[in-house]
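J.: Okay, handing you the structure first.
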There are 2 protein chains.
Amino acid sequence: MAVSIRDVAERAGVSVGTVSNVLNRPDRVSDAVVGRVHDAIRELGYVRNDAARQLRAGRSSSVGLVVLDARNPFFTDIARGAEDEAAEHGVAVLLGDSDEKPEREAAYLDLFEEQRVRGVLVSPLGDIRERLERLRALGTPVVLVDRMAEDDVLSSVSVDDHAGGRTAVTHLLEQGRRRVAFVAGPLAIRQVADRLAGARDAVAAVPDATLEVLEGTALSVLEGRRMGEALAARPASERPDAVFAANDLLAVGLLQALVMRGEVRVPEDVAIVGYDDIDFAAATVVPLSSIRQPSRLIGQTALRILLEEADDPGLAPRQVVFQPELVVRESSAIG
Amino acid sequence: MAVSIRDVAERAGVSVGTVSNVLNRPDRVSDAVVGRVHDAIRELGYVRNDAARQLRAGRSSSVGLVVLDARNPFFTDIARGAEDEAAEHGVAVLLGDSDEKPEREAAYLDLFEEQRVRGVLVSPLGDIRERLERLRALGTPVVLVDRMAEDDVLSSVSVDDHAGGRTAVTHLLEQGRRRVAFVAGPLAIRQVADRLAGARDAVAAVPDATLEVLEGTALSVLEGRRMGEALAARPASERPDAVFAANDLLAVGLLQALVMRGEVRVPEDVAIVGYDDIDFAAATVVPLSSIRQPSRLIGQTALRILLEEADDPGLAPRQVVFQPELVVRESSAIG
DNA sequence: CCCTGATGGTGAATCGTTTCAACGACGAGA
DNA sequence: TCTCGTCGTTGAAACGATTCACCATCAGGG
């Protein structure tokens, strides 16, 4: 277990400094020695100790990423994008799933701080602006993901949720729907609140349209099913004729509860639009209309900005905002 | 940035040893001193340096987990289970996604070795048995996930894929189907091969039943769509009347290609059974029959075994095998 | 009044790597 | 022959937390 650089040096008949050079700047070492050292490494099964390396370097070569929900394909795709970009720079991504719980979010940030990560990507949940700004002030770059920074201290890569919400509901209204419900999930989540604001805008533009807000406790399939059952249990006259779901997981749950029961037809009785356009959206009972976000690109871009800021701490914070895109499928087609 | 335990000691007017004691064994320190040290920590914004801690300790307090595909909800659920269990023991889980690529798998194992993780959970892809056994021999426990160990050197937590394959195809045959196709993904993946073996068993038990094997390159929605398009393009007489898909992602892709085109009806023309019973399976165009695996429990169990072996290296390897369960939905109902 | 044990605290050694000043050897140029 | 620069190599310091042998103080028992 305990084979260190010292053992390698001894075996190869050189000093530890030389072994380190072989590992990090082989060009400064003669070929003969490089060969001997590599032989010794192989024979002894030496594996570099990253802790010592980091201790000396003062910081790790990893970046941290905290997402709201690792089970949501939207965030998995962001993570994938970030990992791709990271791999190109020889950086590892530590993935933390806050599971929409502020205390888990805080725990991951603690962990990342103790690890002295090169930077932090975070899709923030609780009110941690102050903490993140302090982190950055102390030299650890922070990039907000899927959420616009509120002031110009931090960089962010996000999607225009307000526009997304407006687009979704405008589309529903154009289909002739008037009694729209927003199946929200937790309104405390900024993205949800922004989508709601966009939805309100769209509804305000059409005189006889109404918007009902149904707040839930999570952005999951299970919660969607729960809310769908509540809707299905209503008398038909009190049901909305259109539902805008805060994300596709909720929408999938809604579909399960509404369509499977057979009482409510989609889109005839209720049209549905989801958000994120996850892979599964095209394969649901009734293929789901959705608002597409460039998830992978978000991850890539965020990581690139993070590394740039890590290399040059003086860089001014940047806000990148992508535009979402409506994808129409059967769940909201004319009916 | 560089506030160390020494700075805290100085500020609190005690020695570094005492600060360390406050952090790790507060009961050995007087209350007054504990208070002063905590004040100093707060005032200076001290954050423990994990690298130094690990260096001294000789190993980290993290475990590594390498999964085949982080986008597959089955593996996300395993990860979730492992994290839950880890959180209870104050251990962090480093998640690596091999993306079905042997070189990425190897890279993550390298990384975990350098980090001196407490142990490794791995859903192995390539032929890395030897490497894993060496790792374990050197003191790092290894638990195979979703795959039974081939000899008794490593522990494993898996599901009986052979039984799962047999169950799935037996069910299709009981529905009166005879021309079964196995949409496989890469046969080099052990789980896929085992499911195929089970399927062969089931087919062999029925005289006039046949099994066609369609090998693919990945276990993804996209690949499923590709293979579904190939099936749909065949003349009806040459199409199978039942498909067993190696996992639900493939099955979802198949559904997209078959049903969306409108030419092939499910289950009337082709019955489909998937594998994993992911959340989305119940919400697909035609709700998908599937083989359910206790994914979360797999993750939990694997992590528990890992930590037990880490605490007591002498422990004999254990093989835990769960039984899968058929969930019948419309995609394979009588038709 | 001395001894014992418990309690609370100290400070140096240690973990494994990287870095850097310094050094020897050697060839080229004067 | 002497000097200088280059190249390859060395060895010790440094990173920051933990641990452990050791010390100081004090209360209580004899």
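J.: Scan the range A:24-45 and tell me whether some residue there is more than 8 Å from DNA strand D (Cβ to nearest atom) and within 30 Å of A:LEU144 (Cα to Cα).
T.: Checked the range A:24-45: no residue is more than 8 Å from DNA strand D (Cβ to nearest atom) and within 30 Å of A:LEU144 (Cα to Cα).
J.: Right, another one. When residues of the range B:176-203 are filtered for being in a loop (DSSP other than H, G, I, E, B) and open to solvent by 40 Å² or more (accessible area, probe 1.4 Å), how many remain? Let's see the steps before the verdict.
T.: Initially, the range B:176-203 is screened for residues in a loop (DSSP other than H, G, I, E, B), giving B:176-178, B:186-189.
Right, trim to open to solvent by 40 Å² or more (accessible area, probe 1.4 Å) and you get B:176, B:178, B:187-188.
Residues in the range B:176-203 being in a loop (DSSP other than H, G, I, E, B) and open to solvent by 40 Å² or more (accessible area, probe 1.4 Å): 4 in total.
J.: Residues of the range A:89-109 being closer than 20 Å to A:ASP50 by Cβ and either touching a strand residue (DSSP E or B) at 6+ places or on another chain (Cβ under 8 Å) or assigned to a helix (DSSP H, G or I) (or both), which ones?
T.: Step one: filter the range A:89-109 for residues closer than 20 Å to A:ASP50 by Cβ, giving A:89-96, A:108.
Of everything in the range A:89-109, those that are closer than 20 Å to A:ASP50 by Cβ and either touching a strand residue (DSSP E or B) at 6+ places or on another chain (Cβ under 8 Å) or assigned to a helix (DSSP H, G or I) (or both) turn out to be A:VAL91, A:ALA92, A:VAL93, A:LEU94, A:LEU95, A:GLY96, A:TYR108.
J.: Go through the residues of the range A:225-241 one by one and say whether even a single one is touching a strand residue (DSSP E or B) at 6+ places or on another chain (Cβ under 7 Å) and assigned to a helix (DSSP H, G or I).
T.: yes
J.: Filter the range B:35-73 for residues that are within 14 Å of DNA strand C (Cβ to nearest atom), of a type in the set (A, V, I, L, M) and over 30 Å from B:ASP99 (Cβ atoms) and give the result.
T.: If the condition is that a residue be within 14 Å of DNA strand C (Cβ to nearest atom), of a type in the set (A, V, I, L, M) and over 30 Å from B:ASP99 (Cβ atoms), then B:VAL37, B:ALA40, B:ALA52, B:LEU55, B:ALA57 are the ones that fit.
J.: Taking the condition of a type outside the set (D, E, K, R) and surrounded by fewer than 24 Cβ atoms within 10 Å (Cβ to Cβ), does B:ALA245 pass? Outline the logic, then answer.
T.: Values: of a type outside the set (D, E, K, R): yes; surrounded by fewer than 24 Cβ atoms within 10 Å (Cβ to Cβ): no.
Answer is no for this residue.
J.: How many residues does the range A:313-324 hold that are part of a strand (DSSP E or B) and surrounded by 15 or more Cβ atoms within 10 Å (Cβ to Cβ)?
T.: Residues in the range A:313-324 being part of a strand (DSSP E or B) and surrounded by 15 or more Cβ atoms within 10 Å (Cβ to Cβ): 2 in total.
J.: Of the residues B:LEU211, B:LEU250, B:LEU222, only one is open to solvent by less than 50 Å² (accessible area, probe 1.4 Å), closer than 27 Å to A:PRO73 by Cα and either outside any strand (DSSP E or B) or out of contact with any Asp or Glu (no Cβ under 9 Å at 6 or more places or on another chain) (or both); which?
T.: Unique residue meeting the criteria: B:LEU250.
J.: State which residue is most open to solvent (accessible area, probe 1.4 Å) when the search covers only the range B:151-175 and only residues that are aliphatic (A, V, I, L, M), touching a Lys or Arg at 6+ places or on another chain (Cβ under 9 Å) and farther than 18 Å from B:ASP276 by Cβ.
T.: Among those residues, the one meeting the criterion is B:VAL153.
J.: Before we move on, is A:LEU68 more than 13 Å from DNA strand D (Cβ to nearest atom) and either more than 7 Å from every other protein chain (Cβ to nearest Cβ) or not β-branched (Val, Ile, Thr) (or both)? Spell out the reasoning first.
T.: On the way: more than 13 Å from DNA strand D (Cβ to nearest atom): yes; either more than 7 Å from every other protein chain (Cβ to nearest Cβ) or not β-branched (Val, Ile, Thr) (or both): yes.
The answer is yes for A:LEU68.
J.: Condition (residue is open to solvent by 30 Å² or more (accessible area, probe 1.4 Å) and either more than 11 Å from chain B (Cβ to nearest Cβ) or not hydroxyl-bearing (Ser, Thr, Tyr) (or both)) applied to the range A:278-290: is it met by at least one residue?
T.: Yes.
J.: For the range B:253-269, how many residues meet the condition of being more than 14 Å from chain A (Cβ to nearest Cβ) and open to solvent by less than 10 Å² (accessible area, probe 1.4 Å)? Give the derivation first.
T.: If we filter the range B:253-269 for residues that are more than 14 Å from chain A (Cβ to nearest Cβ), which is where we start, we get B:263-265, B:267-269.
Remaining after also requiring open to solvent by less than 10 Å² (accessible area, probe 1.4 Å): B:264.
Count: 1.
J.: OK, next. Within the group B:SER61, B:SER20, which residue is more than 9 Å from DNA strand D (Cβ to nearest atom) and either within 24 Å of B:VAL117 (Cβ to Cβ) or buried (at least 16 other Cβ atoms within 10 Å of the Cβ) (or both)? It would help to see each step written out before you state the result.
T.: Working: B:SER20 fails: more than 9 Å from DNA strand D (Cβ to nearest atom).
So the residue among B:SER61, B:SER20 that is more than 9 Å from DNA strand D (Cβ to nearest atom) and either within 24 Å of B:VAL117 (Cβ to Cβ) or buried (at least 16 other Cβ atoms within 10 Å of the Cβ) (or both) is B:SER61.
J.: Determine the pairs where a residue that is within 11 Å of DNA strand C (Cβ to nearest atom), located within the range A:14-34, has a partner that is of a type in the set (A, V, I, L, M, F, W, C) and not in a helix (DSSP H, G or I) with Cβ atoms under 7 Å apart, the partner being 6 or more residues away or on another chain.
T.: Taking only residues 6 or more apart or on different chains, the pairs are A:THR18/A:VAL29; A:ASN21/A:VAL29; A:VAL22/A:VAL29.
J.: How many residues are more than 14 Å from A:VAL67 (Cβ to Cβ) and small (Gly, Ala, Ser) when one looks only at the range A:82-106?
T.: Within the range A:82-106, residues that are more than 14 Å from A:VAL67 (Cβ to Cβ) and small (Gly, Ala, Ser) number 5.
J.: Another one. Of all residues being without any contact (Cβ under 8 Å) to a residue 12 or more places away in the chain and in contact with an Asp or Glu (Cβ under 8 Å, 6 or more places away or on another chain) in the range B:82-131, which is nearest to B:TYR275 (Cα to Cα)? Just the residue, please.
T.: Step one: of the range B:82-131, the residues without any contact (Cβ under 8 Å) to a residue 12 or more places away in the chain are B:87-88, B:103-104, B:107, B:110, B:114, B:127, B:130.
Okay, now just the ones that are also in contact with an Asp or Glu (Cβ under 8 Å, 6 or more places away or on another chain), so B:104, B:114.
Working: B:ARG104: 25, B:GLU114: 35 Å.
Among them, the one singled out is B:ARG104.
J.: Here are B:ALA40, B:ALA79, B:ALA70: which of them is in a helix (DSSP H, G or I), under 29 Å from A:ALA86 (Cα atoms) and touching a residue at least 24 places away in the same chain (Cβ under 8 Å)?
T.: Values: B:ALA40 fails: under 29 Å from A:ALA86 (Cα atoms); B:ALA70 fails: in a helix (DSSP H, G or I).
On inspection, the qualifying residue turns out to be B:ALA79.
J.: Might you check whether a residue that is touching a Leu at 6+ places or on another chain (Cβ under 9 Å) and open to solvent by 50 Å² or more (accessible area, probe 1.4 Å) occurs anywhere in the range A:90-100? Walk me through how you get there before you give the answer.
T.: In the first step, residues of the range A:90-100 are kept if they are touching a Leu at 6+ places or on another chain (Cβ under 9 Å); the result is A:91-100.
Those left that are additionally open to solvent by 50 Å² or more (accessible area, probe 1.4 Å): none.
For the range A:90-100, residues touching a Leu at 6+ places or on another chain (Cβ under 9 Å) and open to solvent by 50 Å² or more (accessible area, probe 1.4 Å): absent.
The values are calculated or read from the model by the stated rules, or taken from the named source; none is laboratory data. Nothing here was measured: the structure is a model prediction, and the numbers come from that model. Glycine gets a Cβ as well: all are built from the backbone with ideal geometry, and neighbour counts include every protein chain shown. Accessible surface is based on the protein model in full, side chains and every heavy atom, while ligands, DNA and RNA are left aside. Shrake-Rupley method; radii C 1.70, N 1.55, O 1.52, S 1.80 Å.
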